[in-house]
1. Among the strands (runs of 3 or more DSSP E) contained in segment 374-467, which hold 2 or more residues that are acidic (Asp, Glu) and surrounded by 24 or more Cβ atoms within 10 Å (Cβ to Cβ)?
2. Give me a count of the residues in segment 336-362 that are open to solvent by less than 50 Å² (accessible area, probe 1.4 Å) and more than 24 Å from Gly194 (Cα to Cα).
3. Out of the residues in segment 204-252 that are without any contact (Cβ under 8 Å) to a residue 12 or more places away in the chain and either among the β-branched types (Val, Ile, Thr) or open to solvent by 30 Å² or more (accessible area, probe 1.4 Å) (or both), state the one that is farthest from Ala336 (Cα to Cα).
4. Which pairs turn up if I take residues in segment 31-54 that are free of Cβ contacts under 8 Å to residues at least 60 places away in the same chain and look for partners that are open to solvent by 40 Å² or more (accessible area, probe 1.4 Å) and not in a helix (DSSP H, G or I) with beta carbon separation below 6 Å, at least 6 apart in sequence or on another chain?
5. How many residues does segment 1-47 hold that are among the aliphatic types (A, V, I, L, M), surrounded by fewer than 18 Cβ atoms within 10 Å (Cβ to Cβ) and closer than 21 Å to Ala222 by Cα?
6. Could you tell me whether segment 296-312 includes any residue that is out of contact with any Lys or Arg (no Cβ under 6 Å at 6 or more places or on another chain) and closer than 29 Å to Thr431 by Cβ?
7. Got a sec? Which of Leu113, Leu65, Leu105 is assigned to a loop (DSSP other than H, G, I, E, B), open to solvent by less than 10 Å² (accessible area, probe 1.4 Å) and touching a residue at least 60 places away in the same chain (Cβ under 8 Å)?
8. Please list, ordered by first then second residue, the pairs with beta carbon atoms under 6 Å, 6 or more apart or interchain, first in segment 373-390 and over 18 Å from Arg175 (Cα atoms), second β-branched (Val, Ile, Thr) and not in a strand (DSSP E or B).
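The values are calculated or read from the model by the stated rules, or taken from the named source; none is laboratory data. Because the structure is a prediction, the values reported are computed rather than measured. Every residue, glycine among them, receives a Cβ derived from its backbone with ideal geometry; neighbour counts consider all protein chains shown. When the accessible area is computed, the model is the full protein with side chains, heavy atoms only, and any ligands, DNA or RNA have been set aside. Shrake-Rupley method; radii C 1.70, N 1.55, O 1.52, S 1.80 Å.
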Amino acid sequence: MRMTEQLRQLQSGEQTAEAMMAQAIGRAEALGHLNAFLAVAPDKALEAARAVDLARRRGAPLPVLAGLPIGVKDNIDVQGWATTGATPALAQLYARQTTPVAQRLFDAGAILLGKTNLHELAFGVTNTNFAPVPMTRNPHDAGRVTGGSSGGTAAAIAAGIVSAGLGTDTSGSIRIPAALCGIAGLRPSVGIGGRARRYAAQGLLPISHSNDTAGPMAASVADLALLDAVITGTDPVRARPLAGLRLGLPDCFWAEIDPEVEQLCRALIDRLAAAGAEPIPLRLPGLREAWRQVSAPVVLHEPRQDIPAWLASNGRADLSMAEIFRQIANPDVRAAFEVVLADRPDDAYRAAITVHRPKLCRIYADAFRDKGLAALIFPTVPVPAPRIDTDSAFGTLMIDGTERGVFETLIRNTDPGANAGLPGLSLPAGTTRDGLPVGIELDGPVGSDRDLLQIGLAIEQVASAPR
């Protein structure tokens with residue numbers, strides 16, 4: 001059920017907050033095999049729900065999300081809860097304060113059911129974890145990945161346990177699982193080095209201060225628009241007319257795509273064109289090269305400073321990066337952390353920040369300006385959800401007869417915009433013959449978040465309209 005419908009039921013008295021929370025708890029237990037949650041607090045959640053019902057019976061004014069069950073990714077600090085990052089070394093790290101993004105939702109009346117699963121330390125895109133950390137499974141096919149690293153939040157929403165939640169996104173960690181689980185997800189603007197952030201960055205177990213951001217995930221763009229309004233203290237947006245809307249189709253984001261994913265996304269583009277939008281074929285020369293010079297140097301350098309600073313903010317300066325590394329369960333994450341901890345020159349990082357990232361940003365800015373584009377549009381992920389590989393969190397897959405790396409494939413379309421600080425919105429574009437969701441993404445200029453949500457609302461209306 002969509003969040004907006006749940007809120008209507010709560011506000012009309014059609015359903016009590018206690019009953020809604022009890023249903024969420026029961027569904028979480030029944031679908032425990034999905035491992036969407038790492039921790040739940042049913043008694044505490046029910047107590048909070050009863051307080052909402054009591055206030056409503058007394059006629060007290062209630063905030064907009066009052067009584068709504070939500071999930072929060074377990075790399076986001078919530079005071080009194082452990083922020084485990086799905087890694088053994090942080091199992092007993094209890095947050096000293098709540099991150100501002102989550103606090104805005106709680107202040108609006110949302111009730112935390114539990115902390116959701118993620119790819120260990122958010123260093124991956126499949127949510128394939130290894131013992132003692134459970135792996136999240138896709139509600140559409142339990143043998144397939146959810147995508148990551150916000151796979152637990154995506155699975156909880158797609159399975160109907162909760163209708164909304166928070167994830168984080170460094171390279172695609174909101175948008176990838178949103179696409180593979182068939183929900184909507186927003187990566188808000190970050191800008192170059194975080195200088196144009198839409199959401200506060202405090203209280204997140206970090207990878208990269210340049211790229212990290214929290215963001216909302218929900219069943220629909222309409223739900224995202226309300227969540228974004230609550231978080232930012234603004235009014236929710238409405239759908240904008242599609243007539244004359246110029247949407248760029250970057251050729252490098254439409255290359256090497258699974259045929260069925262391409263067919264579904266192209267079909268939606270055709271329907272948008274029939275509704276008045278103007279799809280504009282687009283070349284972005286030099287984008288892939290600039291992106292590759294930025295991505296790995298940044299995310300494999302910044303954790304060395306960012307994670308210790310976060311540990312200190314939670315009173316755990318005694319916990320070293322070496323100890324976290326020693327206890328990492330996932331071999332692929334362990335290999336990445338080995339690079340993070342290696343003593344090496346910082347030349348590649350400096351070049352990424354001073355040369356290659358500005359070039360990447362210029363490529364995007366020039367395309368938006370020169371072509372008069374409201375947004376770029378492309379498949380969020382080039383493939384449907386891959387099968388879980390129990391030997392590797394990453395592994396390989398086949399695209400049209402060619403073997404590709406899972407990690408490189410899943411981030412290929414989401415990571416470039418993230419490294420340029422752009423906002424990105426993923427929404428459902430249909431399902432394959434096997435019933436696997438496919439997502440389509442909108443990327444816009446820095447600061448165009450509300451415009452993206454307006455466009456997303458219009459696309460959602462077209463996508464859901466009878467053919």
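1. 437-443
2. Selection size over segment 336-362: 1.
3. In this case the residue turns out to be Asp235.
4. Asp53/Thr16
5. 1
6. no
7. Leu65
8. So the pair list comes out as Ile388/Thr128; Ile388/Val145.
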